[in-house]
1. Output yes when any residue across the stretch 277-293 is within 26 Å of the chain's Cα centre (by Cα), away from ligand 1 (no atom under 15 Å from the Cβ) and buried (at least 20 other Cβ atoms within 10 Å of the Cβ), and no when none is.
2. For the stretch 301-312, enumerate the residues that are out of contact with any Gly (no Cβ under 6 Å at 6 or more places or on another chain) and buried (at least 20 other Cβ atoms within 10 Å of the Cβ).
3. Listed residues V138, V196, V179; which is at pLDDT 95 or above and under 20 Å from the mean Cα position of the chain (by Cα)?
4. Suppose we keep only residues that are in a loop (DSSP other than H, G, I, E, B) and among the hydrophobic types (A, V, I, L, M, F, W, C) within the stretch 170-220. Which one would you say is nearest to ligand 1 (Cβ to nearest atom)?
5. Return yes or no: is E218 exposed (fewer than 15 other Cβ atoms within 10 Å of the Cβ), away from ligand 2 (no atom under 12 Å from the Cβ), at pLDDT 95 or above and of a type in the set (D, E)?
Amino acid sequence: MFRRLFGGDDRKTEQPEEQPPIEDTATNAEHAPTAEQPRPQARLFASVDALDVEAQRIAEAEAAAARRREQSGLRRLFGGQERTEQEIQREVAKTTAAVQKTRSTGMFGRISDMFKVDQLITPELWEELEELMIAGDVGVDTTLTVIERIQTEVERNNIYKASDARALLKRELVQLLQVDQPQFSEQTTKPYVMLVIGVNGAGKTTLIAKLANRYKQEMGKDVLLGAADTFRAAAVEQLQTWAERIQVPVIAQGQGADPGAVAFDALQATNARNADVLIIDTAGRLQAKYNLMKELEKIKNIVSKRVPEAPHEVLLVIDATTGQNGISQAKAFMEAANVTHLALTKLDSSAKGGVAFAMVQEIKRPIKYIGTGEKLDDVAVFDPEAFVDALFED
Ligand SMILES: Nc1nc2c(ncn2[C@@H]2O[C@H](COP(=O)(O)OP(=O)(O)O)[C@@H](O)[C@H]2O)c(=O)[nH]1
Ligand SMILES: [Mg+2]
């Protein structure tokens, strides 16, 4: 009886056989719950409510994790297609090979080692981490934010050893790379129009060839290229050379042509051929920011007049070897165009892969692809977890 009142435990099965009937409670009036006091039943309901809240919290956390997995590059898959384990492994292998330099000669190899040992976490450890991350091009603001977050987590979880903080550090780094960006699916959007922008030499034309090849080979898409980088003669020729190799048509007008006119032609051709994907190459003359803005604006207007909602993807290509410089470039492009995704090229020749973190944080756009070399096959769909694992050699 007492247990019932005190603990709110109303389960009849636990009542002893000799227990007086329920009505007897009334005789012990001073112990009986009054209207003001929460009745045992009310408490029971309260705890059921709490369970509901907890169940809802768990369901929400699971849904969020599923969403994260879906959005994460490898699982989202190239063009939103289901992938085999083998294909995922191929992307991971490319990512791992590309960040080899970042890991061995760069800062992340040392960071990884620091968080492998059984040593106590000291203020010096945080200082060294800070120095290494900044030297690794993560950027001052991002570095300080992330270290503060890890420190809080370490304290909250009573973690004393560096090796025990390793998973926390990695999780925070993965989170830095995850930003939401609504996107169209290449699977269901036809035609899917992509505008590829970035400074000269960033790797736009090479990436376009790699992606066109993938769309064609892996998704069986009918791809068309538009040579709207008309500033240099070599630019058009370079795109044409690639296109010949991968056997996709290019719409071009030659050097000095109006990029808007090329885009117009390319759109007409896309519609006439009923092509699936159109990728437009552009010139990236940042020196004349005003002109660049005008030019991109014009191309975008031409595109959106012919295909509603296009361009579906505005891919900003950044050379990873330019480090922090690349970030100021990226900001200028953000002002000029409505960038939807980033591509980080030449990751294979940069020791400072940390720029990926700074880039996503500063630009607030996800990295969709990484360039892992100069060959046609040297491209990987970016996956934050695979990237961080590769940096830590896990
Ligand atoms: N190592 C390496 N080189 C690349 C990569 N992407 C492009 N390049 C090279 O960078 C140079 C400039 O590339 P390009 O596509 O012409 O740049 P664009 O001016 O932006 O079109 C070329 O020599 C490419 O071979 C990459 O992922 N890794
Ligand atoms: Mg080019």
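The values are calculated or read from the model by the stated rules, or taken from the named source; none is laboratory data. In this text, all values refer to a predicted model and were calculated from it rather than measured experimentally. Neighbour counts run over all protein chains shown; Cβ positions are idealised from the backbone, glycine included.
1. There is at least one residue in the stretch 277-293 that is within 26 Å of the chain's Cα centre (by Cα), away from ligand 1 (no atom under 15 Å from the Cβ) and buried (at least 20 other Cβ atoms within 10 Å of the Cβ).
2. Of the stretch 301-312, the ones out of contact with any Gly (no Cβ under 6 Å at 6 or more places or on another chain) are 301, 303-312.
If the condition is that a residue be out of contact with any Gly (no Cβ under 6 Å at 6 or more places or on another chain) and buried (at least 20 other Cβ atoms within 10 Å of the Cβ), then V303, A310, P311, H312 are the ones that fit.
3. On the way: V138 fails: at pLDDT 95 or above; V179 fails: at pLDDT 95 or above.
That would be V196, the only listed residue that is at pLDDT 95 or above and under 20 Å from the mean Cα position of the chain (by Cα).
4. Result: A202.
5. no
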